[in-house]
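Worksheet for the structure shown next.
Just so you know, all these numbers are worked out from the coordinates, no wet-lab data involved. For clarity, every value in this text was computed on a predicted model and none was experimentally measured. Heads up, the Cβs are rebuilt from the backbone with ideal geometry, glycines too, and the neighbour counts pull from every protein chain shown.
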Amino acid sequence: MKVAIIQEWLVTVGGSDKVVKAIYDVFPDADIFTLVAKKEICDELGIPWEKVHTSFIQKMPFGAKKHRAYLPLFPFAIEQFDLRGYDVVISSSHCVAKGVLTKEDQLHISYVHSPIRYVWDMYNEYLEESNLTEGLKSWLVRYLLHRIRKWDMLSSFRVDYYISNSDYVGRRIKETYRRDSVTIHPNIDISRFELCEDKQDYYLTSSRLVAYKKIDAVIEAFNQMPDKKLVVIGGGPNLEEYKKLAGPNVTVMGYQPFDVLKEKMQHAKAFVFAPDEDFGMIPIEAESCGTPVIAYGHGGSLETVSDGKTGLFFKEQTPEAIMEAVKHFESMGEQPFSPRVCREWAEGFSEERFKREIKEFVEQKYKEFKS
């Protein structure tokens with residue numbers, strides 16, 4: 001069984017990149033095709049550079065560094081890969097990877113992190129956050145996204161089987177493409193996080209500091225609870241704005257190395273998670289440290305946090321709802337959620353589990369395909 005793995009890009013060490021590495025570990029003889037890649041990132045992930053094949057965008061000016069500027073070319077570029085020599089094609093897709101061209105005697109399985117959010121369910125939010133709601137530039141971008149939306153729908157029929165990274169994404173695949181999927185939660189390397197039962201008197205939130213992560217709502221909630229401490233870790237375009245927003249009981253640390261983040265995560269009273277994510281890995285990382293999670297009760301959080309067992313939910317992404325949830329958490333006692341139970345829950349999302357489930361799914365579908 002000769003395997004090709006398709007990924008949009010390998011330029012950071014993010015969740016989808018770790019999924020690609022895990023799939024490669026399952027099929028170590030596979031070749032990897034991606035629009036653009038950075039050798040140092042592949043080295044960090046442990047993917048041999050000689051196994052990586054890039055598109056013509058790699059050779060464009062600032063191709064790897066400014067690849068998003070070439071978005072109009074992505075559908076065309078992904079279709080240029082020649083995959084005729086492979087029995088199985090596995091795409092890891094949150095943009096265009098699922099659109100590769102295959103033949104009738106090739107099995108294409110797509111692991112979908114999300115249908116393209118900025119052309120489907122977050123279309124209007126994307127335009128607002130990019131200040132593209134009106135004017136000539138707005139209409140040019142709207143037309144471009146319209147073309148990509150049509151291509152995305154057309155290319156959805158090229159996939160034989162869909163795997164979703166959460167039941168939430170599975171429902172969106174059904175809504176967007178009218179296709180069924182099987183959920184296999186992504187791999188979390190919980191071995192990097194150790195259980196810690198020594199909790200201190202502060203709350204933690206961490207993410208890239210962009211608008212949809214709703215870090216501002218968390219900060220505003222704690223501004224109104226001056227007796228409670230909040231630590232914010234993460235870099236991003238809104239860093240300075242959030243530093244100005246923070247009250248004296250809120251510490252905005254900016255980007256921090258992994259060891260600092262882990263230490264803060266281990267000792268936090270609870271982790272506050274406010275975005276509406278497709279899956280969301282960081283709540284599981286917090287739980288693997290024995291730290292409970294206070295999360296927005298929508299999307300992937302409903303699968304990564306066990307209500308009443310490893311944390312609790314708030315129903316709206318507002319400071320008032322977050323305040324109410326924190327106060328409810330504190331009313332439950334000194335340590336309302338067992339650190340060991342949180343850790344045991346997180347172990348259900350392990351890397352070993354992911355690799356086993358992917359291997360079993362691909363081999364079973366290939367056996368059916370060839371019979």
Compute the relative contact order of region 272-338 as a whole-number percentage, counting only Cα pairs closer than 8 Å that sit 6 or more residues apart in sequence. 29 percent
What does the C-alpha gyration tensor say about the overall shape of region 112-208? Classify as rounded when a/c is under 1.5, otherwise prolate if a/b is larger than b/c, or oblate. oblate
For the Cα atoms of the chain, what angle does the longest principal axis make with the long axis of helix 167-177, in degrees from 0 to 90, nearest 10? 40 degrees
Grab the DSSP H runs of the chain that are 4 residues or longer, score each as -39,500 (n - 2.57), total them, divide by all residues and round the 222 nm result to the nearest 500 deg cm²/dmol. -11000 deg cm²/dmol
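Sum up the charges of everything whose Cβ sits under 11 Å from the Cβ of ARG142, counting Lys and Arg as +1 and Asp and Glu as -1, but leave ARG142 out. Don't skip to the end; give the middle numbers.
Details: positive: LYS137, ARG147, ARG149; negative: GLU134.
With Lys, Arg at +1 and Asp, Glu at -1, the net is +2.
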Count, lysine Cα pairs under 16 Å in region 190-349, 8 or more residues apart or across chains: 20
Taking θ = phi - 60°, what integer Hz values does the Karplus form 6.51 cos²θ - 1.76 cosθ + 1.60 yield along region 27-33, in sequence order, with x for Gly and Pro? 10, x, 8, 5, 9, 10, 10
May I ask you to derive the relative contact order of the chain, considering only C-alpha pairs under 8 Å and at least 6 residues apart, and to give it as an integer percent? 13 percent
If each residue's Cβ is checked for other Cβ atoms within 10 Å, how do ILE184, ILE163, ILE90 rank with the fewest at the top? ILE184, ILE163, ILE90
Using +1 at the Cβ of each Lys and Arg and -1 at the Cβ of each Asp and Glu in the chain, identify which of LEU10, ALA268, SER338 lies farthest towards the dipole's positive end. LEU10
Can you list the lysines whose alpha carbon sits under 19 Å from that of LYS38, skipping same-chain ones fewer than 8 residues off? LYS18, LYS21, LYS51, LYS59, LYS65, LYS66
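Kindly identify region 173-229 as rounded, prolate or oblate by the Cα gyration tensor criterion: order the square roots of the eigenvalues as a ≥ b ≥ c, call it rounded if a/c is under 1.5, otherwise compare a/b with b/c, prolate if a/b is larger, else oblate. Don't jump to the answer; show the numbers that get you there.
On the way: a/c = 3.50, a/b = 1.51, b/c = 2.32.
Oblate, since a/c reaches 1.5 and b/c is not below a/b.
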Order these peptides, 252-262, 8-18, by their mean beta-carbon neighbour count within 10 angstrom, highest first. 8-18, 252-262
GluC sites (Glu not before Pro) within region 115-155: DSSP coil, no more than 14 neighbouring Cβ in 10 Å: GLU134
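Assuming R0 = 51 Å, what is the FRET efficiency of LEU73 and GLU241, from their Cβ-Cβ distance, to the nearest 0.05? Each step should come with its number before you reach the end.
On the way: r = 33 Å, r/R0 = 0.65.
The computed FRET efficiency comes out at 0.95.
What number comes out for the charge environment of LYS18, summing +1 per Lys or Arg and -1 per Asp or Glu over other residues with Cβ under 11 Å away? Display every interim value, and only then the final one.
Numbers: positive: LYS21; negative: ASP17, ASP25, GLU44, ASP189, GLU351.
With Lys, Arg at +1 and Asp, Glu at -1, the net is -4.
Label region 190-349 by shape, choosing from rounded, prolate and oblate, from the square roots a ≥ b ≥ c of the eigenvalues of the Cα gyration tensor; if a/c is under 1.5 it is rounded, and otherwise prolate applies when a/b is larger than b/c, oblate when it is not.
Working: a/c = 1.37, a/b = 1.27, b/c = 1.08.
Verdict is rounded for region 190-349.
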